[in-house]
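Peer 1: I'd like to ask you about the structure that follows.
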Amino acid sequence: MRLCAVSVDLDEIPNYFAIHGLSVGTDTPVTAVYDVAVPRLLGLAKGQRIPLTFFAVGTDVLRAQAAQLLRGAHQAGHEIANHTKSHRYDLVRLPREELCAEIQGGIRILKEAIGEAPVGARAPGYTVSDEYFRVLEELGVQYDSSVFPCPTYWVAKAAKVLAIRAQGRRSQSIVDTPAVLAAPTGPYRVGTPYWRRGVGLLELPIQVTRGLRLPFLGTSLTLAGPTGARVLARMCVGEPLVNLELHGLDVLGKGDGLEGLEGHQPDVRITVERKLETLQGVIEELRDAGYKFVTLGEAARVFAPAGHAAGAALRSP
């Protein structure tokens, strides 16, 4: 069986400014992800007849409008998963007590908002650690989806952080160890260190293409455009699970009041219409290739039906 899960990180707008070391302008729509992007994403999902997995930041969900949106999405069949309490980019550098509080805080807030505890987790910035995985297991989390074994992304991120520093600003983003690039590209049980196979928590890595390990996520797809994105989708065909990760920004544009990001985030200059056309094309390409669309929680149950049994049968290139 071929499965595809489309997930969305609901980082609010100030997080993008933090990546670039920028101050948020007083006229910036700081809640545009929930107010504008989530309704667009729900419209896309309804039109394409697919479920989504939303990774929500706990503190954002304390806002009544955001909580209401998530409850409605959950009732419509979408999954709500944990993106920590406050989206600390330095999560894995925190003392263990604070690391645990970030993860547990997100679980608590989301449980109060939607009526049940999230079963999945994703770390900010795709940066994890062995301690992070130990905490997830202790808290009863069933799967994680944070590892991103993509060489081009790792190099681009490292270069961007250095460039921002050279301009006299400080990015809140941190760079993971390059050892993560050796991690499996398909579902696996984490070992120690986490980029090796073991018998720990189930990891559903962020998608890369077969062979070249090119990034297959919202930013790279919208920048590639409708034709290029379909090519990248075809380069993923054959994977038992295609784990397509998006961000709210992938359905937002300059017209949504994000002019402050335009010179720093090239995908902001792409029209919303073109972004939606691109994402729809990718979904159609994968559906035509025989993929069934599921939530990440549903995918986790397929790839780990025996709880914490060793995942030797999980295939990865």
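Peer 1: So, in segment 189-204, of the ones that are in contact with a Leu (Cβ under 8 Å, 6 or more places away or on another chain) and outside any loop (DSSP other than H, G, I, E, B), which residue ends up nearest to GLU239 (Cα to Cα)?
Peer 2: ARG189
Peer 1: Among the residues of segment 205-228, what is the count of those that are assigned to a helix (DSSP H, G or I) and surrounded by 24 or more Cβ atoms within 10 Å (Cβ to Cβ)?
Peer 2: Applying the first criterion (assigned to a helix (DSSP H, G or I)) to segment 205-228 yields 218-228.
Applying the additional criterion that residues be surrounded by 24 or more Cβ atoms within 10 Å (Cβ to Cβ) yields 218, 221-222.
The number of residues fulfilling the criteria is 3.
Peer 1: Which ones in segment 68-106 are among the hydroxyl-bearing types (Ser, Thr, Tyr) and buried (at least 21 other Cβ atoms within 10 Å of the Cβ)?
Peer 2: Passing the criteria: only THR84.
Peer 1: Please verify whether segment 128-143 includes one or more residues that are surrounded by fewer than 19 Cβ atoms within 10 Å (Cβ to Cβ), touching a strand residue (DSSP E or B) at 6+ places or on another chain (Cβ under 6 Å) and under 21 Å from THR53 (Cα atoms).
Peer 2: Yes, segment 128-143 contains at least one residue that is surrounded by fewer than 19 Cβ atoms within 10 Å (Cβ to Cβ), touching a strand residue (DSSP E or B) at 6+ places or on another chain (Cβ under 6 Å) and under 21 Å from THR53 (Cα atoms).
Peer 1: If you check every pair at least six apart or on different chains, which have Cβ atoms under 9 Å apart with a residue in segment 153-179 that is surrounded by fewer than 13 Cβ atoms within 10 Å (Cβ to Cβ) first and a residue that is in a helix (DSSP H, G or I) and among the aliphatic types (A, V, I, L, M) second?
Peer 2: Filtered contacts from segment 153-179: ARG170/ILE164; PRO178/ALA158.
Peer 1: Scan segment 43-67 residue by residue and report those that are surrounded by fewer than 18 Cβ atoms within 10 Å (Cβ to Cβ), in a helix (DSSP H, G or I) and not β-branched (Val, Ile, Thr). Working first, answer last.
Peer 2: The first filter runs over segment 43-67 and keeps only residues surrounded by fewer than 18 Cβ atoms within 10 Å (Cβ to Cβ), leaving 43, 46-49, 59, 62-65.
Next, only the ones that are in a helix (DSSP H, G or I) stay: 43, 46-48, 59, 64-65.
Passing the criteria: GLY43, LYS46, GLY47, GLN48, ALA64, GLN65.
Peer 1: Show the residue pairs that are 6+ apart or on different chains and have beta-carbon atoms under 9 Å apart, the first residue being within segment 87-115 and of a type in the set (Gly, Ala, Ser), the second being crowded, with 20+ Cβ neighbours inside 10 Å and assigned to a helix (DSSP H, G or I).
Peer 2: These pairs meet every condition: GLY105/GLY58; GLY106/GLY58; GLY106/VAL61; ALA113/GLY58; ALA113/VAL61; ALA113/ALA66; ALA113/LEU70.
No lab work stands behind these numbers, since they all come straight from the coordinates. Note that the coordinates shown come from a computational prediction; the quantities given were computed from them, not determined experimentally. Note that each Cβ is placed from the backbone with ideal geometry, even for glycine, and that neighbours are counted across all protein chains shown.
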